[in-house]
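The values are calculated or read from the model by the stated rules, or taken from the named source; none is laboratory data. All values reported here derive from a predicted model rather than from experimental measurement. Positions of Cβ are generated from backbone atoms using ideal geometry, with glycine treated the same way; all protein chains shown enter the neighbour counts. Please note that ligands, DNA and RNA were not included when accessible areas were found on the heavy atoms of the full protein model with its side chains. Shrake-Rupley method; radii C 1.70, N 1.55, O 1.52, S 1.80 Å.
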Amino acid sequence: MKKEKKIITNKRRSFIKKAGLLTLGAAGAATVKAPYVYAASNPIKWRLQTYSGAPLGAHVIKPQIEAFNKAAYGEMEIELYYADQLVPTDELFRAMQAGTIDAVQSDDATMGSPVDIQVFGGYFPFATRYSLDVPSLFKYYGLNEIWDEAYSEVDGVQWLSTSAWDPCHLFTVNKKITKLSDMKGLRVFGVPTAGKFLAKYGLIPVIVPWDDVEVAMQTGELDGVCWCGFTEAYEVGWADICKYALTNSVTGAWFGSYFANQKSWDKLSPKLQALYRMSINDSHYYRQVWYWGGEADLRVNGKKMELTSLPANEWSQVVEDSKEFWDETSKISPRAKKVVDAFKLYAQTMEKAGYPYR
């Protein structure tokens with residue numbers, strides 16, 4: 001019996017050696033090499049570009065990518081690029097679809113996604129009041145299924161996840177906003193949908209590369225920004241240039257998404273796909289806390305901008321005007337109507353729930 005056992009053991013050791021998992025140490029002792037040693041010699045490489053510049057990207061995506069690369073343990077590495085570094089932001093979708101880049105973090109509207117729901121990406125007027133509204137809408141009100149359906153109709157792209165960023169405020173360099181008419185003629189950098197809505201009051205949306213915004217405000221090409229909340233304005237330095245901040249927010253949170261080139265995504269093992277999704281969720285959580293705490297703190301303790309507010313009756317009119325904007329948007333397609341209907345149902349539910357939801 002002992003002899004038979006030895007033969008079986010030797011056969012097993014021989015098999016392991018042939019498989020490349022067994023080596024002999026200096027003293028002749030057998031050691032097993034972990035599989036990642038071999039994966040590290042030929043890691044999967046991805047290039048990901050975000051909508052944000054480097055100062056903001058340090059919070060909205062860099063921690064996630066660093067954590068993913070560490071957890072991937074040599075099997076995969078993601079190279080991170082910031083706004084416009086590889087391709088212009090408005091060409092992000094096409095570049096990802098073509099495989100020029102492997103992945104993107106952006107809102108649908110800013111990068112011009114060719115889907116009928118792209119208008120809801122970024123800031124859709126009054127769709128949300130708080131950041132938790134976004135994941136709640138996707139999880140409980142059908143938006144996950146709607147986004148997945150829309151992007152499944154587009155070749156070469158995998159939509160992965162959407163969640164919340166910060167609220168949308170108007171920050172101005174020299175013009176103090178105390179009434180709606182003060183917006184007339186202001187040239188403002190911002191995301192497409194919010195800009196289109198606010199154009200109703202005379203605001204002029206202007207698109208420039210993200211890294212050029214600061215200089216454009218200093219030279220007078222721009223009169224302000226309507227692109228973010230207080231946390232970002234302070235983080236990227238815009239609060240050092242803008243003198244005034246309007247406390248009325250056109251919406252409570254930005255809809256931001258993660259996408260991947262379909263071929264790049266399909267090449268990943270189930271483990272790496274799961275790991276990447278986990279890192280996305282961790283990024284969602286990071287931003288929830290960073291923005292929620294930052295917005296309140298900087299509105300109370302920030303000293304760089306003077307706070308102003310619109311009269312209650314004028315702001316009520318803006319809120320009322322958004323209903324017409326919603327109805328017009330719902331006419332884009334039956335799927336767009338589903339999104340607007342979800343917004344309406346969610347708002348009604350939150351109002352009925354009362355404190356602390358509304």
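Before moving on, here are some points about what is shown:
- Among [x] 25.0, 96; [y] 22.7, 68; [z] 22.2, 76, the entry that matches Rg and Dmax of the Cα atoms in Å as calculated here: [x]
- Under 5 Å, built H, 5+ apart or other chain: amide partners of residue 268: none
- Unit charges on C-beta of K, R, D, E only; dipole of segment 282-358, Debye: 280 debye
- This model, with +1 at the C-beta of Lys and Arg and -1 at the C-beta of Asp and Glu, gives the chain a dipole about its Cα centre of some 2420 debye.
- Shape category assigned to segment 196-345 from the gyration tensor of Cα positions, a/c cut at 1.5: oblate
- Classification of segment 283-358 by its C-alpha gyration tensor yields a prolate form. The axis ratio a/c (a ≥ b ≥ c) is 1.5 or more, and a/b outweighs b/c.
- In this structure, the pairs whose alpha-carbon distance is over 24 Å, taken from 196/323; 200/303; 200/323, are 200/303.
- Residue by residue, segment 347-358 carries 3J(HN,Hα) couplings of 4, 4, 5, 5, 5, 5, 5, x, 4, x, 6, 8 Hz when phi is fed to the Karplus relation 6.51 cos²θ - 1.76 cosθ + 1.60 (θ = phi - 60°); x denotes Gly or Pro.
- Entry note, the chain: the mean residue ellipticity at 222 nm calculated from DSSP H runs of n ≥ 4, each adding -39500 (n - 2.57), is -13500 deg cm²/dmol after division by the residues and rounding to the nearest 500.
- The distance linking segment 241-278 with segment 279-358 is 18 Å (Cα centroid to Cα centroid, whole angstrom).
- Full extension of the chain segment joining residue 79 with residue 303 gains 77.0 nm, where the gain is 0.36 nm per residue of separation less the Cα-Cα distance.
- Among the listed pairs 45/139; 179/344; 179/338; 70/271, a Cα-Cα separation exceeding 23 Å is found for 45/139; 179/344; 179/338.
- Projecting the Cα atoms of 56, 264, 345 onto the charge dipole of the chain (Cβ charges, centred on the Cα centre) puts 264 farthest toward the positive pole.
- In the complete set of protein chains, residue-level accessible area for residue 187 is approximately 90 Å², probe 1.4 angstrom.
- Close amide H contacts of residue 228 (hydrogens built in the peptide plane, cut-off under 5 Å, sequence separation of 5 or more or a different chain): 169.
- Taking the chain and dividing mean pair separation by its residue count, relative contact order in percent (alpha carbons under 8 Å, at least six apart): 20 percent
- Over segment 175-261, relative contact order from alpha-carbon pairs under 8 Å, at least 6 apart, %: 28 percent
- Estimated at 0.36 nm per residue, the fully extended path between residue 355 and residue 145 surpasses their Cα-Cα distance by 72.7 nm.
- Positive-end residue of 222, 121, 150, charge dipole of the chain with Cβ unit charges: 150
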